[in-house]
Every structure is written in structure tokens, then in C-alpha cells.
1. Does F283 satisfy being under 23 Å from Q8 (Cα atoms), not in a helix (DSSP H, G or I) and not polar (S, T, N, Q)?
2. Would you mind stating whether R220 is surrounded by 19 or more Cβ atoms within 10 Å (Cβ to Cβ), more than 26 Å from V90 (Cα to Cα) and not acidic (D, E)?
3. Hey, can you tell me all the residues within the range 1-28 that are polar (S, T, N, Q) and farther than 14 Å from Y243 by Cα?
4. Report the residue count in the range 240-280 for those that are part of a loop (DSSP other than H, G, I, E, B) and under 15 Å from the mean Cα position of the chain (by Cα).
5. Within the range 167-226, which residues are among the β-branched types (V, I, T) and either in contact with a helix residue (DSSP H, G or I) (Cβ under 8 Å, 6 or more places away or on another chain) or in contact (Cβ under 8 Å) with a residue 24 or more places away in the chain (or both)?
6. When you scan the range 106-197 for strands (runs of 3 or more DSSP E) that lie fully inside it, which ones turn up with 1 or more residues that are crowded, with 16+ Cβ neighbours inside 10 Å and acidic (D, E)?
7. For the structure I just gave you, tell me whether G187 is at pLDDT below 95 and at positive phi.
8. With respect to A287, determine if the residue is at pLDDT 90 or above and either surrounded by fewer than 16 Cβ atoms within 10 Å (Cβ to Cβ) or farther than 25 Å from E22 by Cα (or both).
Amino acid sequence: MRTRRPAQLMQVTGTGRRVIAEAYPVFVDGKLERIISRSRDLTDLQLLQDEYALLQKRFSEHLKRSQAAPDAEEQALDDALDNLQVRSSVMREIALLLKRVAPSDANVLMLGESGVGKTAFAKQLHRWSQRCDGPFIDVNCAAIPENLFESEMFGYQPGAFSGAARQGKAGLLEQAEGGTLFLDEIGELPLLMQTKLLKVIQDGSLTRLGDTRSRKVNFRLVVATNQDLGKQVEAGLFRLDLYYRLNVIPVTLPPLRDRREDIPDLVEACLNRLNQRYGRQKFLIPALGRP
């Protein structure tokens with residue numbers, strides 16, 4: 001009532017259930033007439049996140065026990081990692097977790113600084129999933145101009161706007177049908193698009209620009225960001241309900257400075273790619289007096 005704007009907040013009921021409370025002001029001739037409010041229960045989602053945290057803890061303990069003598073699961077992980085260079089215990093733990101959750105369709109939120117490998121792990125998650133034969137659509141939310149975002153993401157019908165292709169166009173969400181949609185830099189998603197994405201997640205359908213009918217879509221959603229979405233929610237820059245929809249399985253990738261064991265393999269892989277690209281045979285040797 002004070003701000004005369006829609007509001008969201010988290011509440012805990014007397015029975016301990018967590019809900020998102022939303023309020024929308026209704027104006028008549030510029031006068032605040034009433035406020036429409038609704039609450040949505042997030043308790044089950046919170047229980048799923050708690051269960052995941054417990055699973056992560058158990059995997060961590062299992063990994064510590066198995067470091068001395070790798071078991072069959074560890075060997076299977078080595079065989080399934082493809083080109084990912086994972087040697088440090090923390091990254092192997094993350095890889096094991098992703099391999100375990102890959103068969104489900106639960107949304108995954110990847111967190112970490114730029115360059116830690118979020119896209120590479122998202123692709124590996126897709127290869128491990130039951131959707132591996134479908135497309136992997138990689139979208140950088142920060143690279144699409146805001147005025148083109150809706151048409152690029154949701155597609156459009158012929159004549160939807162000036163300059164639209166005669167045959168219309170399927171958006172990136174439709175292109176991910178049967179596969180995985182990876183939204184990088186999700187923190188840069190405009191608020192209007194956050195609302196539309198939330199509706200797609202809830203309803204499993206979308207409407208192209210200029211269309212009157214909805215279309216069913218079926219994809220696995222993986223998102224990534226280097227920002228603190230919790231702080232963005234507090235600042236009103238990111239929807240609270242969308243945050244909880246995305247934050248089903250959070251995965252934090254540590255920076256390379258915290259996993260120095262991975263550096264030699266990463267350097268070797270980079271050098272091999274450069275040798276193939278330029279037809280050279282360069283190699284590295286350890287510095288004298290150093291391991």
C-alpha cells in the first residue's frame with residue numbers, strides 16, 4: 001500500500017510451512033481500490049533442497065573414503081567424463097553429483113565465477129541425461145538486446161512486427177524441445193522475461209509473439225550465473241518465485257585458484273587444442289628445480 005506497486009515476500013506459517021506471499025494493487029481512476037493477494041506453498045521444494053544437501057554431504061564423505069582406492073563408481077566416472085579435466089576432489093564430487101541427478105528433469109542452478117566451467121559441466125550433464133539425443137541450446141542472456149529478447153526466446157508468427165520473417169520463427173525455447181535449455185547469465189534476464197519464463201516453467205507451454213494459441217514445450221532447464229541471486233531478489237531485480245523454481249539443485253563450481261590440482265590437465269588440454277589448430281607439436285616440460 002505504501003509503494004503502490006506489486007510486492008513479494010517469504011513467510012513462515014504457524015505450522016512451519018514456507019510460502020511466497022504476493023500482492024497486486026488494483027487502481028480505479030488512479031485510486032487504490034483493492035489489493036489482490038495470493039500465497040504459494042514452497043515447503044515441498046524446500047524439502048527437496050534439504051534432501052539434495054544431505055545427498056551432497058553423503059557423497060562428500062563417500063569421496064573422502066574412496067580417495068585411497070577408487071571404487072567401481074569412481075572408475076565409471078573417469079570413463080564418462082569425456083574431455084572434462086577433473087582431478088581435484090571437489091570437482092570430482094561435483095561431477096559425481098551431476099551424474100546422479102542427470103536422469104531426472106529437475107532444474108539445475110550452476111553458480112560460480114566467470115570461467116570456472118559452468119557451460120562445460122552443463123553440456124556434460126546433458127550428455128549424461130536421458131535427453132542426450134536431443135538438442136543442447138546454449139543461450140547467453142546478457143548477449144541478447146532487451147528489445148529482441150522476447151522474439152528470440154519465444155519466437156513469433158508471420159507479421160507479428162515490422163521486419164518479421166514471412167514464415168515466422170520458432171524461439172530458442174521451442175528449439176530446445178526434447179533436449180536441454182542452458183540459460184547462462186540468468187541474472188541478466190529482464191524482469192518481464194522473468195515473468196514469462198516462470199509461466200513457461202509452471203505451465204509447460206508458451207505463446208509466440210502475435211499468436212493466440214499456446215504451444216507445449218518439453219525441455220530440461222539448466223541455468224548459470226556469476227551473481228548472487230539472493231541479493232538480486234532482495235534488491236527487487238529478480239523474482240523470488242522464479243528463484244525458487246530455478247534453485248532446485250544448486251551446484252557451486254569453485255574457481256581454479258581453489259583447485260590447483262586441475263591446472264596441469266587443463267594446460268595440457270589447451271596446448272593439445274592449439275597444436276591441432278595450428279599443426280604444431282609444442283609441449284611443456286617442468287621448470288628445473290620444481291615438481
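The values are calculated or read from the model by the stated rules, or taken from the named source; none is laboratory data. If you're wondering where the values come from, they're calculated on a predicted model, not measured in any experiment. Cβ placement follows ideal geometry from the backbone for every residue including glycine, while neighbour counts extend to all protein chains displayed.
1. In short, no.
2. no
3. The answer is T3, Q11, T13, T15.
4. Residues flagged as part of a loop (DSSP other than H, G, I, E, B) and under 15 Å from the mean Cα position of the chain (by Cα) within the range 240-280 amount to 3.
5. T180, I186, T195, V200, I201, T207, V217, V222, V223, T225
6. 136-140, 180-184
7. No.
8. It is false that A287 is at pLDDT 90 or above and either surrounded by fewer than 16 Cβ atoms within 10 Å (Cβ to Cβ) or farther than 25 Å from E22 by Cα (or both).
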